[in-house]
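In what follows, a structure is listed as structure tokens, so that the remarks can point back to it.
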Amino acid sequence: MILDGKALRKRILGNLAGEVAAFTEATGVTPCLATVLVGGDPASAVYVRSKRRACERVGMTSRHLPLPGDTTQAQLEALVDELNADPKVHGILVQLPLPAGMDSDTVLNRIDPHKDVDGFHPSNVGLLALKKARFVPCTPAGVMRLLEESGIDPKGKMATVVGRSAIVGLPAALLLTHAHATVTITHSRTPKDELEAAVRRADILVVAVGRPHFVPGEWVKEGAVVIDVGINRLDPAPGEETGRLVGDVDFEAAESRAGWITPVPGGVGPMTIAMLMSNTLVAARALTQ
Ligand code: GUN
């Protein structure tokens, strides 16, 4: 069965629109997400546009702050300081990756943790690890919500996470652990045979490495839940203008073995945006006391 993130996003955004309207009615405050985009990376521009469109759909405002690719670290940090100090801004999202040569850790550490709707600030990472999350990072939050809404309980299951990034792999492993799964984390230095063994035993498989078809379909356990976080654009085939978008798992081969599987696109991606909207409302509520 397909885990349809697009349909679920629609439902979540519909519910959020009601909650935002009630919040604004009660407080006179409209939640506002500031999006910061440095440079002209086309994929990042697409993601930021989707995030801003989602704000509109739920009745929040977004303030877009595009900066040229030659922005200095100091200029970006000064902008973050301004947004931190602005009471009209509830959430701050600095789109990653930043241009080469910029230090994203320093920038992320500078965002007010109470406005850190990505959940990337060290204090928010710490709270998440301790099961006291203020903001759960959007992509892993979306993964957990997809499972929950599909009636899939990780409790007692063997889960394998492929990838250990701070944005997806690591927090996904924490959340699955908190949900009582037994979690194996694998990554680029995991020996190939161990990687295969870990994938083959997974009842729940989360793959976030950013490499097209990294996991062969025949490794997928019969009936497993396959969550493919990867979004990779292939080179255009002859006659195609742009290449196809594919995940990190060989979908065609995995589909017949998996019990549940996310499509790419239309699986995890839409959920990330829905969770960002949810986090922005959480921020606005907490900052409007
Ligand atoms: N780039 C890829 N994923 C993300 C994300 O979740 N947040 C931000 N800020 N940048 C990203």
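The values are calculated or read from the model by the stated rules, or taken from the named source; none is laboratory data. On a predicted model such as this, the values are computed, not experimentally measured, just so you know. Cβ: placed from backbone, ideal geometry, glycine included. Neighbour counts: every protein chain shown. We work out accessible area using only protein heavy atoms, side chains counted, and drop any ligands, DNA or RNA first. Shrake-Rupley method; radii C 1.70, N 1.55, O 1.52, S 1.80 Å.
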In terms of the Cα gyration tensor, with a ≥ b ≥ c the square roots of its eigenvalues, is the stretch 165-261 rounded because a/c is under 1.5, prolate because a/b exceeds b/c, or oblate?
prolate
Under a 1.4 angstrom probe, counting protein chains only, how are Asp105, Asp81 ranked by accessible area, largest first?
Asp105, Asp81
Expressed per residue, the solvent accessible area of the chain in Å² (1.4 Å probe) is about 47 Å²
Specify which residue in the list Val36, Gly5, His64 is farthest towards the positive end of the charge dipole of the chain, using unit charges on the beta carbon of Lys, Arg (+1) and Asp, Glu (-1), about the Cα centre.
Gly5
Show me the trypsin sites (Lys or Arg not before Pro) within the stretch 204-289 that DSSP assigns to loop and that have at most 16 other Cβ atoms within 10 Å of their Cβ.
Arg244, Arg257
What FRET efficiency comes out for the pair Ala17/Arg233, r = Cβ-Cβ distance, R0 = 35 Å, nearest 0.05?
0.65
Tell me which of Ala283, Thr262, Val199 sits at the most positive position along the dipole axis of the stretch 134-289, charges placed on C-beta atoms (Lys, Arg +1; Asp, Glu -1).
Ala283
Using the structure shown, select from Lys132/Lys157; Lys131/Lys155; Lys10/Lys131; Lys10/Lys51; Lys6/Lys51; Lys6/Lys88 the pairs with a Cα to Cα distance greater than 21 angstrom.
Lys132/Lys157; Lys10/Lys131; Lys6/Lys88
When the accessible area of the chain is computed with all protein chains present and a 1.4 Å probe, what percentage of it is carbon and sulfur?
54 percent
Using +1 at the Cβ of each Lys and Arg and -1 at the Cβ of each Asp and Glu in the stretch 73-229, identify which of Gly163, Val183, Gly126 lies farthest towards the dipole's positive end.
Val183
Taking θ = phi - 60°, what integer Hz values does the Karplus form 6.51 cos²θ - 1.76 cosθ + 1.60 yield along the stretch 248-259, in sequence order, with x for Gly and Pro?
8, 10, 6, 4, 4, 7, 7, 4, 6, 8, 5, x
Two-decimal ratio, the chain, of alpha-carbon radius of gyration to 2.2 N^0.38 Å:
1.01
To the nearest 20 debye, what charge dipole does the chain have about its Cα centre, counting +1 at the Cβ of each Lys and Arg and -1 at the Cβ of each Asp and Glu?
660 debye
Treating only Lys and Arg (+1) and Asp and Glu (-1) as charged, each at its beta carbon, one finds that the stretch 156-217 has a dipole about its Cα centre, in Debye to the nearest 20, of 80 debye
Linear extension gain, Ser44 paired with Thr242, 0.36 nm per residue minus alpha-carbon span:
69.6 nm
Working out 0.36 nm times the residue gap between Ala74 and Thr61, then minus their Cα-Cα distance, what length gain in nm do you get to one decimal?
2.0 nm
